[in-house]
Every structure is written in structure tokens, then in C-alpha cells.
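Novice: Below you'll find the structure I mean.
Bear in mind that the values in this text are calculations on the coordinates, not laboratory data. In this text the structure is predicted, and so the values were computed from the model without any measurement. Glycine also receives a Cβ, built like all others from the backbone with ideal geometry; neighbour counts cover every protein chain displayed.
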Amino acid sequence: MATNITVKLEHHPGELARMGEALGTAGVNVDGMCAVTSAGAGIIHLLVEDAAAARAALAAAGMAVDAEREVLVVEAIEDQPGALGEIARRVADAGVNLDLAYLATNTRVVLGADDLEKARAAL
């Protein structure tokens, strides 16, 4: 199951490196990521296959997972203009509201939605 975990980091030099090192040392692969800063904190969304291992690695490094949820990972057929629009249109036409979207490795799109099963059926 593809899982998005959300981690809030202090907005200081080296925090993203420390997080990446903790995950890497534990053998947790990051398949996708989105990172932004807001209100003095780093908000990191990570796509991982083994959420339990990621949680344990982060806890050992003194970092906590703020949220965890199943997400859809959609293979974009080609890396070309309009690919994201096509995927998002299919979900929208099914009446599903997206609340998370970012790119992952190998031309994949990560989607979180208010109705994941309905979104999955649309794709």
C-alpha cells in the first residue's frame, strides 16, 4: 500500500538532511516527496511503502509523523504537457475532490482525495 506520511520539521539548516539520513540508514526508500515551509516549520510529505519502518526511523531520530494516509500513485503514461491535467480531469469528472498532489519517482503522480476508492475507480 502506498502511504503518504507527513512530518513537521523545524525550519533550520540540516533538518531535511537529518531526516533523509535517518530514513536511509534504516533502509527506508523515499519514493516521492513534497516539502514546503509554513509558519516557521517545514512540512514534508513523503511517499513510502513501509510506513511502520519510516515511523520507527524517524522516532529514533527524534522526529514524529504528524499524519499518515493511503494515497493513489498513478503512472503517467508519458512525461509530456497535459499529463497532469488528464489525470486530474478524470478524477474531477468523477466528482472527487483532490486534497494532495505531488510528483514521485519514475513519472508517477501521488494523489490524496476525499474519496480514494471513487478516485481509484475513475483512473
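Novice: Roughly how compact is the chain, stated as its Cα Rg over 2.2 N^0.38 Å to two decimals?
Specialist: 1.11
Novice: Quick one: helix 51-60 against the long Cα principal axis of the chain, what's the angle to the nearest 10°, folded into 0 to 90?
Specialist: So the helix axis and the longest Cα principal axis differ by about 20 degrees.
Novice: Using only the Cα atoms of the range 72-122, build the gyration tensor, take square roots of its eigenvalues as a ≥ b ≥ c, and label the shape rounded, prolate or oblate: rounded if a/c is under 1.5, else prolate if a/b is larger than b/c, else oblate. List each step's numbers first, then the result.
Specialist: Working: a/c = 2.08, a/b = 1.52, b/c = 1.37.
Taking the square roots of the gyration eigenvalues as a ≥ b ≥ c, the range 72-122 is prolate.
Novice: Please report the relative contact order for the chain, taking Cα pairs under 8 Å with a sequence separation of at least 6, and give it as a percent rounded to a whole number. All intermediate terms of the calculation are to be shown ahead of the outcome.
Specialist: Values: 215 pairs, mean separation 33.9, N = 123.
Relative contact order for the chain comes out at 28 percent.
Novice: Moving to a separate point now. Find the relative contact order for the range 3-69 and round it to a whole percent, using C-alpha pairs within less than 8 Å whose residues are 6+ positions apart. The partial results should precede the final answer.
Specialist: Details: 114 pairs, mean separation 32.8, N = 67.
That works out to 49 percent.
Novice: Kindly express, to the nearest 10 degrees and within the range 0 to 90, the angle between helix 83-93's C-alpha long axis and the longest C-alpha principal axis of the chain.
Specialist: With rounding to tens, the tilt is 70 degrees.
Novice: Using only the Cα atoms, work out Rg/Rh for the range 3-69, with Rh taken as the Kirkwood radius, to two decimals.
Specialist: Ratio of gyration radius to Kirkwood radius: 0.92.
Novice: I would also like to ask the following. Place a +1 charge on the Cβ of each Lys and Arg in the range 72-122 and a -1 charge on the Cβ of each Asp and Glu, then give the dipole magnitude about the Cα centre in debye, rounded to the nearest 20.
Specialist: Working: 5 positive and 9 negative charges, 7 e Å.
For this selection, approximately 40 debye.
Novice: Further, regarding this structure: Are there any GluC sites (Glu not before Pro) in the range 30-109 that are in a DSSP loop and have at most 14 other Cβ atoms within 10 Å? List them by number. Each step should come with its number before you reach the end.
Specialist: Working: sites: Glu49, Glu68, Glu70, Glu75, Glu78, Glu86; in loops: Glu49, Glu78.
Loop-located and lightly packed - Glu49, Glu78.
Novice: Of the candidates Ile43, Ile87, Ile77, which one comes out as most mobile in a Gaussian network treatment of the chain with C-alpha springs shorter than 10 Å?
Specialist: Ile77
Novice: Right, next: From the helices alone, meaning DSSP H stretches of at least four residues, give me the mean residue ellipticity at 222 nm for the chain, per-run term -39500 (n - 2.57), in deg cm²/dmol to the nearest 500.
Specialist: Mean residue ellipticity, 222 nm, calculated: -9000 deg cm²/dmol.
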